[in-house]
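Structure first, then comments.
The values are calculated or read from the model by the stated rules, or taken from the named source; none is laboratory data. Note that the coordinates shown come from a computational prediction; the quantities given were computed from them, not determined experimentally. Because the Cβ atoms are built from the backbone with ideal geometry, glycine has one as well, and the counts that use them run over all protein chains shown. With ligands, DNA and RNA removed, areas are computed over all heavy atoms of the protein, side chains included. Shrake-Rupley method; radii C 1.70, N 1.55, O 1.52, S 1.80 Å.
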Amino acid sequence: MKKFLIMSVIGFAMISSFASSMDRTIYLEQLLSEPAANSRSITRDDIGTRAGLTSNEGFAVTFSEIFINTILKQKVSDEFIKDIKLYFRQDKYVIDGIIYFEMLELDIPFTVTGKVTVPAKNVISLDVKEMKVWSEGSLPTDKILSKVVKYLNNNRTLNDYLTLSYETVANRYENFGRIKLAPKLKEMLPSLPDIGISGVSTANEEIIIKGK
Amino acid sequence: MKKLISLIILTLLFTIASSAYDYKFEMSEKYINGFIDSQKEALVDSGLHNFEVFLVGERNMEIELNYGMLRIPVKIKMTLDTVSPNKFRLFITKFKVLGFLPMSRMMIAEAVRDSIITNPFLAKCINIRIFKLNTKSDEDFGVDINFTKSPVDILEDLVITNLVINKDKLSVWGNVSVVLE
């Protein structure tokens with residue numbers, strides 16, 4: 001009887017974790033396959049001839065999902081950030097990953113989606129529109145996300161290039177926040193003291209950062 | 001069997017040809033000249049004054065500068081070619097030194113190379129070789145630019161697959177090695 005009880009508890013735990021990971025996969029697939037609100041489609045520019053620069057902009061750097069996820073996988077993943085992936089679509093970004101939450105001694109999968117904006121010169125903001133935490137019980141999403149950002153900011157590789165911070169934005173109906181990225185441009189490019197990021201846009205599977 | 005093998009090869013080739021870049025860095029002519037302006041000291045130390053770059057449409061580039069104490073005007077026209085990933089070649093198509101004094105073109109080209117190498121960022125990742133072309137003139141030459149090391153420290157295996165001049169913009173694009181799960 002005891003054995004049966006133990007087995008059934010383990011079985012239930014496995015089924016619920018499997019179901020939650022299925023939910024996460026389905027949710028992520030839906031998010032990524034949704035057509036953009038503004039339906040004019042932009043495809044990956046493979047020949048490198050798209051004139052993306054206006055006369056006000058001096059440079060544009062385009063990073064593909066592969067580029068960013070390679071850095072994240074090879075240089076950022078650690079004992080706290082167990083898995084993290086970024087996805088870009090025309091009107092949104094999606095961050096999907098698993099963090100180790102020390103307080104509960106648990107691995108917590110999460111999915112965040114929103115828009116990329118540039119609220120001030122040299123500040124990139126990932127405005128959070130929706131966040132899911134894939135675990136049993138109701139964990140405070142805001143707290144989990146601020147923890148993710150804290151872990152990322154403590155990562156030595158990222159810290160050489162960026163300062164990350166998280167701020168909660170009080171909303172009438174819900175709480176959603178902003179992940180702020182301030183690139184350390186002076187340290188990155190000491191020979192270009194006046195460099196400035198003026199705009200960021202997302203397209204299918206890529207992010208474009210423009211500046212002067 | 002033969003058909004199957006050729007089909008596999010064709011599919012492989014198509015996959016390689018259609019694989020996209022992982023990053024692209026596009027710069028305007030103005031941005032490049034802003035960068036050059038910030039390197040003024042190194043240029044002046046090599047005797048190069050008023051150094052300016054013009055990007056002229058398909059693959060073509062022009063440099064205008066004043067050389068030495070006498071500020072002799074120099075105009076260089078060149079085309080940019082990709083030899084292989086991380087290897088690029090400039091063919092000098094016109095090298096005009098105005099004035100009456102005989103001046104070695106190679107000397108001026110070497111002064112440009114030396115001033116580029118004084119920039120610590122460029123020095124650690126670029127190797128520039130000036131070589132004579134097999135023509136009658138001793139003054140015809142090309143320039144090989146090899147990226148010997150990734151310009152981005154944290155990505156040692158970053159590859160620059162192409163340098164493209166399009167109108168007044170220069171694009172650098174390439175790939176990173178992907179560790180598959």
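For chain B, what does -39500 (n - 2.57) per DSSP helix run (n ≥ 4), summed and divided by total residues, give at 222 nm, in deg cm²/dmol to the nearest 500?
-8500 deg cm²/dmol
Can you tell me the 0 to 90 degree angle between the C-alpha axis of helix B:29-38 and the longest principal axis of chain B, rounded to 10?
Orientation of helix B:29-38: about 60 degrees from the principal axis.
Using the C-alpha atoms of the stretch B:23-129, what convex hull volume per residue, in cubic angstrom, is computed?
Measuring per residue, one finds 115 Å³ for the Cα hull of the stretch B:23-129.
For chain B, with a Gaussian network of springs between Cα atoms less than 10 Å apart, report the residue from B:Ser104, B:Ser171, B:Ser115 with the top mean-square fluctuation.
Taking springs between Cα atoms under 10 Å, the residue moving most is B:Ser104.
Angle between the Cα long axis of helix B:2-18 and the longest principal axis of chain B, 0 to 90 degrees, nearest 10?
40
On a straight-distance basis, which lysines could pair with B:Lys77 in a cross-link, Cα separation under 22 angstrom, same-chain partners fewer than 8 positions away excluded?
B:Lys30, B:Lys40, B:Lys87, B:Lys94, B:Lys96, B:Lys132, B:Lys136, B:Lys167, B:Lys169
In 10 Å bins starting at 0, how do the alpha-carbon pair distances of the stretch A:55-211 split up by percent?
P(r) for the stretch A:55-211, in whole percents per bin: 10, 39, 37, 12, 2, 0.
Using only the heavy atoms of the protein chains and a 1.4 Å probe, how would B:Met103, A:Met22 rank by accessible area, largest first?
Order by accessible area, largest first: A:Met22, B:Met103.
Would you list which lysines come within 28 Å of A:Lys82, measuring only between C-alpha atoms, while excluding same-chain residues fewer than 8 positions from it?
Result set, ordered by chain and number: A:Lys73, A:Lys92, A:Lys115, A:Lys129, A:Lys132, A:Lys143, A:Lys147, A:Lys150, A:Lys180, A:Lys184.
Take the Cα of B:Asn162, step 7 Å along the line toward its Cβ, and report every residue of the stretch B:16-55 whose backbone nitrogen sits under 14 Å from that point.
Counting backbone N atoms under 14 Å from the label point, the list is B:16-26.
Taking all protein chains in place and a 1.4 Å probe, what share, in percent, of the accessible surface of the stretch B:82-149 do carbon and sulfur account for?
58
Rounded to the nearest 10 degrees, what's the angle between the helix B:105-117 long axis and the longest principal axis of chain B, both from Cα atoms, 0 to 90?
The angle comes out near 60 degrees.
When ligands, DNA and RNA are left out and all protein chains stay put, how many square angstrom of accessible area per residue does the stretch B:43-163 have with a 1.4 Å probe?
Per residue, the stretch B:43-163 has an accessible area of 56 Å².
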